[in-house]
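Beneath this line is the structure, given in structure tokens, with notes to follow.
The values are calculated or read from the model by the stated rules, or taken from the named source; none is laboratory data. Please read all numbers here as calculations on a predicted model, not as lab measurements. Glycine also receives a Cβ, built like all others from the backbone with ideal geometry; neighbour counts cover every protein chain displayed.
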Amino acid sequence: MTTQATKTNTYRMGYSDAIIKFMDARGADTEAFPLLPLLQPTDKLLDLGCGPGSITVGFLPRVAAVTAVDVSGVSIDMTRRRINELEKAGTLSSADAAKIKYLQADILSGLPFESGSFDVVYASQVFVHLTGPGQAAEAMAEVRRILKPGGILATRDAAEALYYPRHLNLWDIWGSKMNRALLGHDAQYVADGRPGGPDMMPKLYREAGFDMNKTKVVSGLPWVFSGREGREWCVNNWTAKMDDASLLDKWTAAGVTREHKQVAKDALAGWLDNDDGYMMVTHCDIIGWK
């Protein structure tokens with residue numbers, strides 16, 4: 001029996017300055033490095049969930065054409081602005097800048113492309129946010145539809161958040177509450193039966209009909225935040241999320257009170273001053289072939 005996918009957008013992180021700053025720090029060399037050696041100069045690539053374009057721009061010198069797709073017009077505008085600024089600064093050649101097209105679209109409503117339109121689809125931190133019934137499976141089927149025979153899908157989704165030293169108990173004090181408010185759950189292991197989580201992603205590929213003789217989980221880089229500068233970056237961003245008026249309804253809906261936030265801020269301040277403190281996020285990176 002096939003579950004009917006809900007069309008409701010379940011992305012909960014928002015587009016605050018703190019979120020955008022975090023997205024901006026990512027690049028193709030770190031986020032998509034398992035895919036990069038597989039790219040061909042003739043490839044047509046679709047970057048699904050392009051965000052502010054910090055990863056997207058890294059594909060342009062490597063392929064023939066890139067289509068940047070995001071459900072958010074804010075993200076599309078930021079990607080366009082990034083490309084224009086890099087071209088103006090001479091960091092990106094005009095020839096490479098001319099390779100990109102932009103599209104605001106929701107994959108759950110179907111993408112306006114013919115079947116077999118793309119050689120490669122890349123999706124970073126997309127499936128982990130498709131938490132509604134049937135959403136992840138429907139998105140996977142749509143991605144496979146637009147891929148050419150033998151085409152490649154590369155996905156990257158957060159798996160597990162680890163806070164050290166463990167005795168500070170930052171997961172219970174802070175991490176679980178952030179996940180509950182911004183991801184809709186409080187499981188440290190992001191998968192744990194969740195549609196876009198790492199224990200479900202291979203199944204999504206298999207059930208969508210990808211070639212499981214070639215499709216595999218690959219070794220991707222974790223996000224690591226260490227040293228005073230790394231911890232300070234985390235604490236500043238997390239504090240900004242707690243104080244962001246646009247996220248207030250999400251914190252409230254998750255049952256996170258002002259008192260909870262103050263306890264979390266105090267714990268984070270202690271972690272910031274702990275020379276042994278660091279934080280790591282592991283990921284599920286998969287390369288699949290149609």
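Condition test on Lys99, is it at pLDDT 95 or above and surrounded by fewer than 17 Cβ atoms within 10 Å (Cβ to Cβ)? No, not satisfied.
Here Trp233 passes the criteria (1) in a loop (DSSP other than H, G, I, E, B); (2) surrounded by 14 or more Cβ atoms within 10 Å (Cβ to Cβ); (3) without any contact (Cβ under 8 Å) to a residue 12 or more places away in the chain except the one numbered (1).
Would you pick out the residues in segment 155-183 that are in contact with a Cys (Cβ under 8 Å, 6 or more places away or on another chain) and in a loop (DSSP other than H, G, I, E, B)? Scanning segment 155-183 gives no hits. Residues that are closer than 13 Å to Leu60 by Cβ and free of Cβ contacts under 8 Å to residues at least 12 places away in the same chain were ranked within segment 93-134; the one that is nearest to the chain's Cα centre (by Cα) is Ala98. Residue count for segment 40-67 under the criterion of being among the hydroxyl-bearing types (Ser, Thr, Tyr), in contact with a Lys or Arg (Cβ under 6 Å, 6 or more places away or on another chain) and more than 14 Å from Ile146 (Cβ to Cβ): the result is 1.
Yes or no: segment 30-52 includes at least one residue that is touching a residue at least 24 places away in the same chain (Cβ under 8 Å), out of contact with any strand residue (DSSP E or B) (no Cβ under 8 Å at 6 or more places or on another chain), within 11 Å of Ala154 (Cβ to Cβ) and among the hydrophobic types (A, V, I, L, M, F, W, C).
Going through segment 30-52, the residues touching a residue at least 24 places away in the same chain (Cβ under 8 Å) turn out to be 30-36, 38-40, 42-52.
When the remaining residues are screened for being out of contact with any strand residue (DSSP E or B) (no Cβ under 8 Å at 6 or more places or on another chain), the result is 30, 33, 36, 52.
The next check asks that each one be within 11 Å of Ala154 (Cβ to Cβ); those that pass are 33, 36.
So of that shortlist, the ones also among the hydrophobic types (A, V, I, L, M, F, W, C) come out as 33, 36.
There is at least one residue in segment 30-52 that is touching a residue at least 24 places away in the same chain (Cβ under 8 Å), out of contact with any strand residue (DSSP E or B) (no Cβ under 8 Å at 6 or more places or on another chain), within 11 Å of Ala154 (Cβ to Cβ) and among the hydrophobic types (A, V, I, L, M, F, W, C).
Looking only at residues in segment 135-188 that are buried (at least 17 other Cβ atoms within 10 Å of the Cβ) and of a type in the set (Asp, Glu), the one that is nearest to the chain's Cα centre (by Cα) is Asp157.
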